[in-house]
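Structure first, commentary second.
Where a number appears in this text, it was derived from the coordinates with a stated rule and is not lab data. Just so we're clear, the structure is a prediction, and the values are computed from it rather than from any experiment. So basically every Cβ, Gly included, is an ideal-geometry build from the backbone, and we count neighbours across all protein chains shown.
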Amino acid sequence: MNLERRMQDSLHPFARLEPSRVVAAVESLGFWLPGEPFALNSYENRVYMLHDDERRRWIAKFYRPGRWSNEQIQEEHDFLAELAAAEVSVAAPWRDAQGVSLHQAEGFRFALYPQLSGQAPELDNPAHLFALGEVIGAMHAVGEQGRFVERRRLDLDEMLAEACEAVLASPWLERRQRQAYTRVTDDLRRALADRGWSPEASIRVHGDCHLGNILGRDEAFGLVDFDDCLTAPAVQDIWMLLSGQEEDEWQMQLSEVIEGYEQHREFDRGELALIEPLRALRLIRHSAWLVARWADPAFPMAFPWLAESRYWDEHIRQLEQQRRWLETASG
């Protein structure tokens with residue numbers, strides 16, 4: 001094996017995903033691309049915007065090797081197909097004449113999506129909040145009609161344990177930080193132990209329903225990037241839209257979202273008690289995600305502060321604040 005080949009093999013898999021390979025992969029499906037693909041801001045996968053010779057705009061998504069099985073990705077695609085058939089505004093993957101939506105080229109798995117255009121909604125606009133509730137409610141009305149077999153189920157204790165293990169196995173925390181992190185995450189796990197939910201009440205959801213995954217205009221919005229879809233309580237797709245810092249602002253946002261949501265499906269207000277546990281889970285899993293992806297060259301460039309001691313001090317303070325809030329709420 002020559003030196004160039006050895007160096008190439010030692011690189012992260014995405015380092016081989018040059019524009020020419022992206023073009024070749026998409027053209028292998030029968031398209032012709034007159035220009036080069038444009039890389040979008042994506043870290044977990046690699047995502048490119050492109051157009052074909054008929055001026056149709058597409059999004060090519062190359063899945064991170066080793067993250068999901070083919071069966072898990074196919075469930076994502078099939079869920080999107082169900083949603084599209086029910087006229088929910090989503091970007092469902094293109095399928096070839098044989099009905100195949102997950103394609104392979106040079107060791108990469110990829111899918112092609114029609115581009116949804118538009119801008120992110122404004123969370124201080126009541127009409128936008130109502131429209132967001134509508135599209136999420138329509139999605140959940142379809143989501144509750146079937147179930148995932150291969151995709152994950154949201155499990156607070158299991159996911160917290162996995163995330164904490166990843167962080168503690170990393171080299172970034174100093175000894176005092178490691179002790180403080182262990183203490184506060186153990187306290188959080190105990191605080192969350194009695195805040196589970198009935199598995200029967202969980203449905204198929206988007207899983208990562210933040211502003212970056214919602215696009216549209218004129219009070220009509222669509223959902224993109226179902227990469228984290230899973231079985232979870234409905235509130236998982238709602239709580240990240242509630243950005244109000246003051247109680248009256250927060251209640252206004254919630255009221256508009258739920259009013260839109262209930263045009264399609266009733267929302268169980270009891271699930272609102274899960275918002276802070278879900279926030280705690282997301283805080284912990286985000287840092288674990290950064291640690292787990294550090295070997296990908298894109299991550300040290302985008303998140304250099306992960307290696308700084310002050311980041312971990314601030315992260316631990318955030319977790320302490322979340323722990324105190326949960327204890328106050330339960331008391």
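With +1 assigned to the C-beta of every Lys and Arg and -1 to the C-beta of every Asp and Glu, and no other charges, what is the dipole magnitude of region 181-320 about the Cα centre in debye, to the nearest 20?
On the way: 14 positive and 27 negative charges, 146 e Å.
With Lys and Arg at +1 and Asp and Glu at -1, about 700 debye.
Pairs of Cα atoms under 8 Å, at least six residues apart: use those to get the relative contact order of region 1-116, whole percent. Before the final figure, lay out the partial values.
Working: 148 pairs, mean separation 23.8, N = 116.
Once divided by the residue count of region 1-116, the mean separation gives 21 percent.
Describe numerically, in nm with one decimal, the distance between label points set 7 Å from Cα along Cα→Cβ at Ala120 and at Ala15.
3.1
Once the Cβ-Cβ distance between Gln179 and Glu144 is put in as r, and R0 is 45 Å, what FRET efficiency do you end up with, to the nearest 0.05?
0.55
Just name one of Ala307, Cys209, Leu326: the one whose Cα is farthest towards the positive end of the charge dipole of region 195-331 (beta-carbon charges, Lys/Arg +1, Asp/Glu -1).
Towards the positive end, the residue furthest out is Ala307.
Just from its helices, what would the mean residue ellipticity at 222 nm be for the chain, if runs of 4 or more DSSP H residues each count -39500 (n - 2.57) and the sum is divided by every residue, rounded to the nearest 500 deg cm²/dmol?
Taking each H run of at least 4 residues, the total per residue is -14000 deg cm²/dmol.
How high is the relative contact order of region 126-330, in percent, with contacts defined as C-alpha pairs under 8 Å that are six or more residues apart?
Details: 237 pairs, mean separation 72.5, N = 205.
Normalised by residue count, the contact order of region 126-330 is 35 percent.
Over region 11-114, what lengths in whole Å, largest first, do the semi-axes of the equivalent ellipsoid take, defined as the square roots of 5 times the eigenvalues of the alpha-carbon gyration tensor?
Here the semi-axes work out to 21, 18, 13 Å.
For the chain, with the dipole built from +1 on Lys and Arg beta-carbon atoms and -1 on Asp and Glu ones, taken about the Cα centre, which of Ser170, Val26, Ala220 lies farthest toward the positive end?
Working it through, the farthest residue towards the positive pole turns out to be Ser170.
What value in Å³ per residue do you get for the convex hull of the alpha-carbon atoms in the chain? Intermediate results must be reported in sequence, preceding the final value.
On the way: hull volume 52.2 nm³, N = 331.
That works out to 158 Å³ per residue.
Distance between Cα centroids, region 186-253 to region 101-135: provide it in whole Å.
Cα centroid of region 186-253 versus Cα centroid of region 101-135: 16 Å apart.
Roughly how big is the chain's charge dipole about its Cα centre, with Cβ charges of +1 (Lys, Arg) and -1 (Asp, Glu), in debye to the nearest 20? Provide the component values of the computation, followed by the final result.
On the way: 36 positive and 56 negative charges, 291 e Å.
Result for the chain is approximately 1400 debye, rounded to the nearest 20.
Could you derive backbone 3J(HN,Hα) for region 65-79 from the dihedral phi with the Karplus parameters 6.51, -1.76 and 1.60 (θ = phi - 60°), listing whole Hz in sequence and x where the residue is Gly or Pro?
Listing the rounded values in order: x, x, 7, 10, 7, 4, 5, 5, 5, 5, 5, 4, 5, 5, 4 Hz.
Per residue of region 309-318, in order, report the coupling 6.51 cos²θ - 1.76 cosθ + 1.60 (Karplus, θ = phi - 60°) as ³J(HN,Hα) in whole Hz, putting x for Gly and Pro.
4, 5, 4, 6, 4, 5, 4, 5, 4, 4
For region 173-265, calculate the relative contact order in percent as a whole number, restricting contacts to Cα pairs under 8 Å that are 6 or more residues apart.
Relative contact order, region 173-265: 23 percent.
Between His210 and Trp325, what is the label-to-label distance in nm when each label sits 7 Å out along the Cα-to-Cβ direction?
1.5
Using alpha-carbon positions, what is the distance between the centroids of region 260-299 and region 25-64, in Å?
28
Treat each spin label as a single point 7 Å out from the Cα along the C-beta direction, and report the Asp248 to Ala220 distance in nm.
3.5
Calculate the radius of gyration of the Cα atoms of region 147-186 to one decimal place, then report Dmax, the largest Cα-Cα distance, as a whole number, both in Å.
Reported Rg and Dmax, both Å: 13.5, 44.
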